[in-house]
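Novice: Before we start, here is the structure in question, set down as structure tokens.
The values are calculated or read from the model by the stated rules, or taken from the named source; none is laboratory data. Here the structure is a predicted model, which means the values were calculated and not measured. When we count neighbours, we look across all protein chains shown, and the Cβ atoms used for this are built from the backbone with ideal geometry, even at glycine. With ligands, DNA and RNA removed, areas are computed over all heavy atoms of the protein, side chains included. Shrake-Rupley method; radii C 1.70, N 1.55, O 1.52, S 1.80 Å.
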There are 2 protein chains.
Amino acid sequence: MNAMLPSIIVWVSGLIAVGFAAYLAFDVLRRDTGTKAMQEVAQAIFEGAMAFLNRQYRTIWMIAIVAAVLIAALLYFLEPNRALAGELALKTGISFLVGAACSSLAGFIGMYIAVKSNLRTAAAAQRSVVEAITVALRGGAVSGFLVVALSLLGVTAIFYAFGGATRPDLAPELIVGFGFGASFVALFAQLGGGIYTKAADVGADLVGKVEAGIPEDDPRNAAVIADLVGDNVGDCAGRGADLFESTAAENIGAMILGVSIYAWARSQGAAHPEYWILFPLVIRAFGLLASLVGVLFARGNEQEDPMRALDRGYWIAAVLSAIAMVGVTSWMLGNLHFAGAGLIGILVSVAFVYITQYYTAGSWRPVREIAAASKTGHATNVIAGMAVGFETTASTAIVISIALLVAYVLGETSGVPHGGIYGTAIATMGMLMTTAYILAMDTFGPITDNAGGIAEMSHAPASTRHITDRLDAVGNTTKALTKGYAVASAALAAFLLFSAYLDRIQILRPNQPPLVVDISHIDIFIGAFLGSMLIFLFSSLAIRAVGRAAGDIIEEVRRQFKTNPALLEGKARPDYARCVDITTRAALREMVAPGLLAVGMPIVIGIWLGAAAAAGLLIVGTITGILVATVLNNAGGAWDNGKKFIEAGNLRDEAGNVIGKGSFAHAAAVTGDTVGDPFKDTAGPALHVLIKLLSTITLVMAPLFLLR
Amino acid sequence: MNAMLPSIIVWVSGLIAVGFAAYLAFDVLRRDTGTKAMQEVAQAIFEGAMAFLNRQYRTIWMIAIVAAVLIAALLYFLEPNRALAGELALKTGISFLVGAACSSLAGFIGMYIAVKSNLRTAAAAQRSVVEAITVALRGGAVSGFLVVALSLLGVTAIFYAFGGATRPDLAPELIVGFGFGASFVALFAQLGGGIYTKAADVGADLVGKVEAGIPEDDPRNAAVIADLVGDNVGDCAGRGADLFESTAAENIGAMILGVSIYAWARSQGAAHPEYWILFPLVIRAFGLLASLVGVLFARGNEQEDPMRALDRGYWIAAVLSAIAMVGVTSWMLGNLHFAGAGLIGILVSVAFVYITQYYTAGSWRPVREIAAASKTGHATNVIAGMAVGFETTASTAIVISIALLVAYVLGETSGVPHGGIYGTAIATMGMLMTTAYILAMDTFGPITDNAGGIAEMSHAPASTRHITDRLDAVGNTTKALTKGYAVASAALAAFLLFSAYLDRIQILRPNQPPLVVDISHIDIFIGAFLGSMLIFLFSSLAIRAVGRAAGDIIEEVRRQFKTNPALLEGKARPDYARCVDITTRAALREMVAPGLLAVGMPIVIGIWLGAAAAAGLLIVGTITGILVATVLNNAGGAWDNGKKFIEAGNLRDEAGNVIGKGSFAHAAAVTGDTVGDPFKDTAGPALHVLIKLLSTITLVMAPLFLLR
């Protein structure tokens, strides 16, 4: 029985989570769909989003199938061990495609429900805050639970399909393709979505607010639907794919690390040595259940700040996760040192909630500093925001370093060989237990944002718009928190993923000494240098892509204004669909170059300079990536809230008069906010994905890096 | 005779260079000092600059003496080898102070002549371009030659004083303090000067141009003299100290690397094994002579673009350096592989001249892109500049990587053990041969900039101002080139300096295996992570310091306008001295925190996590530092020239009309330029220094990192 128990837990929890997502989807879909005016707007958003997603996934799949064939061919023809070459190539190719398919499926369904939920949230906001929160959170939770459950079930299925039941020590190596497939899709999904959302946002603002002088979300602006579509495809589908591959890559990495302990546990005569390999799956299953309970308890009342209801649900999920962590480590690993490491991970996730709030919420020094700097103009606002962004790397690096070190020492003193690295893996698992909940909160953001847009464009009464505005403010906070969480989990996971790479190298050449990543050697140094550079070049391409795509949109809106003068008077309906279509084309065109750079460079360096140089690229690229993503996310978030701080009337001059909307300072703050847009919504999130892609790509391609 | 020859060459060349600097200083000082109005302005600048320098060096020396005592005490009390502790502590302390003193002396004299040359350049511009170029270049060359000569003579003197004639293999280790002293002074000099110059610039612009609506360099603005002083203390004194420590640190590092070859050469019965240690000094001496000839030939004629005259001088210096490189490697090392490595270095310096021009000159894509983005406003200008800045890391990283690899392979295939690393060291030496010339061109920048300000403020005739404007434009180019050169040389030198650190560790514990900087180990990974973070945090502090110091200046100018209404009408003279004084205080106050962070963190990490973690911090901190400095410098330069591109009337709308000064696009370009100011003139240059400080600090403190 005990031998079967882990897999039963995983399957049952995964299916419960899928069932829960189905129930939530059903619950959301059967709800009130509001007024006819609302339905019309929502339908336009729905069509635009699904059209983009269709075209995007078609493009991604075309590239993915070519990539799968290339990877399989490279592995087949270059693997020196001919007996193994066929199986390796086939299984890697299959797991790559399964990973890509699961990620696509989760993204597609989650997004489908999200763009259905926005209308229902707007409709519910006609009546009550509590109902609106419930709809938006449940709509978001569909995505959150599907992402985590499909990632868990996908890894588990491939693991058993590739012989995990009989040879649990061999299977993890064969499923690395799953993680690569997932990050491959995630990279393009996040890049395409991120470019789309910010190009539409910047384009709509520049041509609408600046040139034509009409307000945000104004129906006369042809780009306004594209802007609302963008909120979904960037924040919702992109982040879903990001966290899908995170959970997949980290599960696989942790299982590979478990393999080296498995051998020791067997030699010690342990009853279930395979528990060391299965632990990551089981703890993830309990995390899903804890998140499920959290969602059920996240109900507010009409007077309460909606953020408090979401917070309460998060705390319940976190406490339940902690209890499960202690229980599962005692049962499966029989060693409380690892429970300690797991709790560290849960603490890190809580710490980042507060750090992100400190840096991006208006009640603290950083945002106030940016708002104050706006008084002296555009340039000082931008300088202040960059300084804040650079500064935020300190708390990120210090918290992650301490957490890694403590988890490592706990693991190392556990008496288990390789326990130190396993300790850091368990800390990562702990941090990621609440992923489904966090993702639900994240998707809450675009849903409420869209609900606000629908209310605005359908001329809903002020009371409805007041409620959607309240929810929108909460959504902005949850989006920022998720980004902090995503980058922190990437940082914590990085160490586990490097170690998995080194373990895989060791498995591939068992009779040689371990790979030494001595960065003072010239080739490893150059790998590291180029890896660090990759982060900056990739960011540059992503940021520039937004500018170019926005240019296409601006031209189209200008053209519509010029050819149809009735538009500006509100007497004609602009051609929204054409704008959506142009944005789609532009985003898909622009995502290709940075995507291919990210995939190609590690492979080229690894084949040219060898496995150790690839490790240098991986590790130093990851360090730089974490820090640059932190800078971009937090600077963007702080600029955004600096603008909101001024709009809320919190900035005053020396005489105590409010410097508010429409002031020179406000114009400067809008500049900062716009600069931050491609930072925090395109380049920053794409870097999270890139970091993990570096890990999965090196894991999969490792055999080729040993040819040199 | 052959045994004495290298030291004779070094002493004679060094003294020739000092004599040449003295001759140039004398030549500049005896020249025409222009009209009385010019003299008055120049006197104010002179007084302000010297007052700042006095106070700055007093502050630096107070910190330096405390640091010297602390370092000596730490080494004395913590060194486990008691027999060695006293000598190590004493000699390190002394060489630290000598290094600090030589750097201060070079900075002080160079700056003294520079602020005397600006007046003479303005006076010469009344008559002829050629005469003005000659004065400005000669004034700049005083600084250039003194810096390189004092660095060379200082290292040589300490080397022989510490027994280099009898035991050349032991002395290099004892002179590491010299490099640390030099970088210690450089860090604070560059930070203080960089904060001063940009705080004065931003402060004067914001309160003058934006608030009071008066033009740049207008005598009614109380901060205008502080602004002119700033050009000297930041660009001139700061960069001088930066390149002083570069040449010192790289000489010392290369000599340490020579020690390991020395042992082999002795065992082979070579006639002069010490040549491997003395080579860096000799090649530097020839570089000085080559630069001297270059300066003598850099004469233009009245019609020619002044930049061409400077270019010609540079090419002469570069070609003579290449010839000397081949000659000296054949003579001293007897191996043409190393001549090849040296030529690579010279080629890299030429490559960076073109790369910097591509990214920051108006004739190419990047600057045009920024100018075009200004049409849609402040935010798009800033986004375009950041994208360009990020992009420039690619060419930097690729050129440096290729150069390092080729130099390493040349050295490795030379048949000399440790030849690979020595090859990279010689490439660095090659790159740095023309430092004196480059530095002369660099100081040419602030001198001509000041000459323009003097002409403006003294209401000189239009013909004079036309000439100073031409020279000023050239000065901006040379300043940008020097920054590219400084960061590229830091990148090339980085590898040599890591290797020197590892060699020193080996010397300190001779019977143990070499230190392995395996970055996949947790403590080394954490050292690397925190080292990378240090770069961002330090940049944040430096950027924020500018904002805070500028705030002090704005308040003071506002106060003067308010209390004395006659000022704005031009009927009263503002209190320039008070503004200079306030800027001085603010800059000195703000330089302390980032300075102490930079010095403290490597020591704390090294003592806490050990020598390998310190190496991780050093290497990954250096990689990140090079890339972030590249981003900051080039984004700043590109924004600056984007603005100039528009001001020159090169931007046009679709109908072909010029979008020039005063347009919306121009206002946006000014925003980018202002954002770039603290990037390219404060944080970027301070990072060059920080990178080398990390090397010298770890070299000096290495004994303490072995205690763990």
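Novice: Taking segment A:300-329, which residues are more than 22 Å from the chain's Cα centre (by Cα), closer than 23 Å to residue A:427 by Cβ and not hydroxyl-bearing (Ser, Thr, Tyr)?
Specialist: We begin by selecting, within segment A:300-329, every residue more than 22 Å from the chain's Cα centre (by Cα); these are A:300-306, A:308-309, A:312, A:316, A:319-320, A:322-329.
Checking which are closer than 23 Å to residue A:427 by Cβ leaves us with A:316, A:319-320, A:322-329.
Residues satisfying the conditions are A:316, A:319, A:320, A:322, A:323, A:324, A:325, A:326, A:327, A:328.
Novice: Test residue A:401 against the criterion of being outside any helix (DSSP H, G or I), more than 30 Å from residue A:7 (Cβ to Cβ) and out of contact with any His (no Cβ under 9 Å at 6 or more places or on another chain), and give yes or no.
Specialist: For residue A:401, the condition - outside any helix (DSSP H, G or I), more than 30 Å from residue A:7 (Cβ to Cβ) and out of contact with any His (no Cβ under 9 Å at 6 or more places or on another chain) - is not met.
Novice: If you don't mind, there's one more thing I want to ask. Taking segment A:173-214 as the search range and keeping residues that are of a type in the set (Val, Ile, Thr) and closer than 18 Å to residue A:593 by Cβ, which one is farthest from the other protein chains (Cβ to nearest Cβ)? Explain how you work it out, then say what you get.
Specialist: Pass one, segment A:173-214, residues of a type in the set (Val, Ile, Thr): A:175-176, A:185, A:195, A:197, A:202, A:207, A:210, A:214.
Subsequent filtering for residues that are closer than 18 Å to residue A:593 by Cβ retains A:185, A:195.
Working: A:185: 25, A:195: 13 Å.
Going through the qualifying residues, I end up with A:185.
Novice: Which condition from (1) loosely packed, with under 15 Cβ neighbours inside 10 Å; (2) assigned to a helix (DSSP H, G or I) is the one that residue B:566 breaks?
Specialist: (2)
Novice: Would you call residue A:529 more than 30 Å from residue A:439 (Cβ to Cβ) and within 14 Å of chain B (Cβ to nearest Cβ)?
Specialist: Spelling it out, residue A:529 is indeed more than 30 Å from residue A:439 (Cβ to Cβ) and within 14 Å of chain B (Cβ to nearest Cβ).
Novice: Next up: Checking residue B:360 against (1) under 15 Å from residue B:635 (Cβ atoms); (2) more than 9 Å from chain A (Cβ to nearest Cβ); (3) at pLDDT 90 or above, which test does it fail?
Specialist: Here residue B:360 meets the rest and fails (3).
Novice: I'm trying to understand the selection: among the residues of segment B:489-500, which are small (Gly, Ala, Ser) and facing chain A (nearest Cβ under 10 Å)?
Specialist: Within segment B:489-500, the first condition is being small (Gly, Ala, Ser), and the residues that meet it are B:489-491, B:493-494, B:499-500.
Residues satisfying the conditions are B:491, B:494, B:499.
Novice: Scanning segment B:532-563 for residues that are open to solvent by 40 Å² or more (accessible area, probe 1.4 Å) and within 9 Å of another protein chain (Cβ to nearest Cβ), which turns out modelled with the lowest pLDDT? Step through it out loud before you land on a result.
Specialist: To start, the set of residues in segment B:532-563 that are open to solvent by 40 Å² or more (accessible area, probe 1.4 Å) comprises B:541, B:547-548, B:552, B:555, B:558-559, B:562-563.
This time we only want the ones that are within 9 Å of another protein chain (Cβ to nearest Cβ), so: B:541, B:547.
On the way: B:541: 95, B:547: 84.
If we take residues in segment B:532-563 being open to solvent by 40 Å² or more (accessible area, probe 1.4 Å) and within 9 Å of another protein chain (Cβ to nearest Cβ), then B:547 is modelled with the lowest pLDDT.
Novice: Only one of these conditions is not met by residue A:572: (1) more than 14 Å from every other protein chain (Cβ to nearest Cβ); (2) in contact with a helix residue (DSSP H, G or I) (Cβ under 7 Å, 6 or more places away or on another chain); (3) among the small types (Gly, Ala, Ser); (4) over 30 Å from residue B:522 (Cα atoms). Which number is it?
Specialist: (2)
Rundown of residues vs (1) within 19 Å of the chain's Cα centre (by Cα); (2) surrounded by fewer than 24 Cβ atoms within 10 Å (Cβ to Cβ), yes/no style:
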| position | (1), (2) |
| --- | --- |
| B:86 | no, yes |
| B:91 | no, yes |
| B:94 | no, yes |
| B:99 | yes, no |
| B:103 | yes, no |
| B:108 | yes, yes |
| B:112 | yes, yes |
| B:120 | no, no |
| B:126 | no, yes |
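Novice: So residue B:454 fits all but one of (1) within 11 Å of chain A (Cβ to nearest Cβ); (2) buried (at least 24 other Cβ atoms within 10 Å of the Cβ); what number is the exception?
Specialist: Of everything listed in (1) within 11 Å of chain A (Cβ to nearest Cβ); (2) buried (at least 24 other Cβ atoms within 10 Å of the Cβ), residue B:454 misses just condition (1).
Novice: Follow-up question, since we're still on this one. Looking for whichever is assigned to a helix (DSSP H, G or I), on the phi < 0 side of the Ramachandran plot and open to solvent by 20 Å² or more (accessible area, probe 1.4 Å) here; the options are A:627, A:597, A:617. Which one fits?
Specialist: A:597
Novice: Anything in segment A:619-654 that is free of Cβ contacts under 8 Å to residues at least 40 places away in the same chain and more than 12 Å from chain B (Cβ to nearest Cβ)? List them, or say none.
Specialist: Of everything in segment A:619-654, those that are free of Cβ contacts under 8 Å to residues at least 40 places away in the same chain and more than 12 Å from chain B (Cβ to nearest Cβ) turn out to be A:647, A:649, A:652.
Novice: Restricting to segment A:636-681, count the residues that are in a helix (DSSP H, G or I) and surrounded by fewer than 15 Cβ atoms within 10 Å (Cβ to Cβ). Before the answer, list the steps.
Specialist: As a first pass, look at segment A:636-681 and keep what is in a helix (DSSP H, G or I): A:636-647, A:664-681.
Retained after the next criterion (residues that are surrounded by fewer than 15 Cβ atoms within 10 Å (Cβ to Cβ)): A:664.
Counting residues in segment A:636-681 that are in a helix (DSSP H, G or I) and surrounded by fewer than 15 Cβ atoms within 10 Å (Cβ to Cβ) gives 1.
Novice: Also: May I ask you to verify whether residue B:187 is in a helix (DSSP H, G or I), crowded, with 24+ Cβ neighbours inside 10 Å and in contact with a Pro (Cβ under 8 Å, 6 or more places away or on another chain)? Steps first, please.
Specialist: Values: in a helix (DSSP H, G or I): yes; crowded, with 24+ Cβ neighbours inside 10 Å: yes; in contact with a Pro (Cβ under 8 Å, 6 or more places away or on another chain): no.
It is false that residue B:187 is in a helix (DSSP H, G or I), crowded, with 24+ Cβ neighbours inside 10 Å and in contact with a Pro (Cβ under 8 Å, 6 or more places away or on another chain).
Novice: With respect to residue A:465, determine if the residue is away from chain B (no Cβ under 14 Å) and open to solvent by 20 Å² or more (accessible area, probe 1.4 Å).
Specialist: Working: away from chain B (no Cβ under 14 Å): yes; open to solvent by 20 Å² or more (accessible area, probe 1.4 Å): yes.
Criteria met by residue A:465.
Novice: Just one of A:387, A:403 is crowded, with 24+ Cβ neighbours inside 10 Å and at the interface with chain B (Cβ under 7 Å from one of its Cβ atoms); which is it? Before the answer, list the steps.
Specialist: Values: A:403 fails: at the interface with chain B (Cβ under 7 Å from one of its Cβ atoms).
None of the others qualify; the one that does is A:387.
Novice: OK, next. Considering only residues that are without any contact (Cβ under 8 Å) to a residue 40 or more places away in the chain and basic (Lys, Arg), look in segment B:311-368 and name the one that is surrounded by the most Cβ atoms within 10 Å (Cβ to Cβ).
Specialist: In this case the residue turns out to be B:312.
Novice: Within segment A:509-524, track down each residue that is outside any loop (DSSP other than H, G, I, E, B) and out of contact with any strand residue (DSSP E or B) (no Cβ under 9 Å at 6 or more places or on another chain).
Specialist: Within segment A:509-524, A:522, A:523 qualify.
Novice: A further question on this structure: Restrict the check to segment B:410-430 and report whether at least one residue is within 14 Å of another protein chain (Cβ to nearest Cβ) and free of Cβ contacts under 8 Å to residues at least 60 places away in the same chain.
Specialist: Yes, some residue in segment B:410-430 is within 14 Å of another protein chain (Cβ to nearest Cβ) and free of Cβ contacts under 8 Å to residues at least 60 places away in the same chain.
Novice: Here is a further query. Of A:460, A:440, which residue is away from every other protein chain (no Cβ under 14 Å) and outside any helix (DSSP H, G or I)?
Specialist: None of the others qualify; the one that does is A:460.
Novice: Any idea which of B:45, B:71, B:16, B:65 is touching a Ser or Thr at 6+ places or on another chain (Cβ under 7 Å) and either over 18 Å from residue B:159 (Cα atoms) or not in a helix (DSSP H, G or I) (or both)? Step through it out loud before you land on a result.
Specialist: Working: B:45 fails: touching a Ser or Thr at 6+ places or on another chain (Cβ under 7 Å); B:16 fails: touching a Ser or Thr at 6+ places or on another chain (Cβ under 7 Å); B:65 fails: touching a Ser or Thr at 6+ places or on another chain (Cβ under 7 Å).
Unique residue meeting the criteria: B:71.
Novice: Still on this structure, please answer the following. Just checking, how many residues over segment A:36-75 are open to solvent by less than 60 Å² (accessible area, probe 1.4 Å) and under 22 Å from residue A:118 (Cα atoms)?
Specialist: Total meeting the criteria: 14.
Novice: Just name the residue that is least open to solvent (accessible area, probe 1.4 Å) out of those in segment B:501-525 that are touching an Asp or Glu at 6+ places or on another chain (Cβ under 9 Å) and away from chain A (no Cβ under 11 Å).
Specialist: B:504
Novice: Out of A:387, A:371, A:394, A:427, which single residue is assigned to a helix (DSSP H, G or I) and farther than 30 Å from residue B:680 by Cβ?
Specialist: Checking each option against the conditions leaves just A:427.
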